[in-house]
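Worksheet: one structure, shown below.
Every number here is computed from the coordinates shown, using simple stated rules; none is lab data. Note that this is a predicted model, so its numbers are computed, not measured. Here the Cβ positions follow ideal geometry from the backbone for every residue, glycine too, while neighbour counts run over all protein chains shown.
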Amino acid sequence: MELLAQPKTARSRGGKLIRVLGTHPEDDSPIELLEGAYGPYVKHDKVKVSVPKEMDLDQLTLEEGLALLASKEPPKTKSKAPAKQTKTAKKSPKTAKKTTTASRSKVATK
């Protein structure tokens, strides 16, 4: 009964914050070191990069975090051209031949 009396704990979707490495030099948003379900990772805005196992989390610096993020972030100078939309020809609705039981019976009696 004691277990039922305890409040429910909600599972969080994000990782547990270990520490903030610093701010990004370009946009002053924070670069965070988090512990996720699959191990530690560095996060900047929506970009997340796993930290290699051989790196010491206590010694991880802002510069190393920036290097990890730079390896993941796509270049901002290129932009993709929008995909071409192909038009498919509309098929005309097919009309089914209607047969009545009377026409079938005439064919059968002949």
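Anything in segment 41-55 that is acidic (Asp, Glu) and touching a residue at least 12 places away in the same chain (Cβ under 8 Å)? List them, or say none. Step through it out loud before you land on a result.
Step one: of segment 41-55, the residues acidic (Asp, Glu) are 45, 54.
Listed by number, the list holds a single entry, ASP45.
Considering only segment 29-66, how many residues are part of a loop (DSSP other than H, G, I, E, B) and among the aliphatic types (A, V, I, L, M)?
Restricting attention to segment 29-66, the residues satisfying the condition of being part of a loop (DSSP other than H, G, I, E, B) are 29, 37-38, 45-46, 51-56, 60-61.
From what is left, the residues that are among the aliphatic types (A, V, I, L, M) are 37, 51, 55, 60.
Of the residues in that region, 4 qualify.
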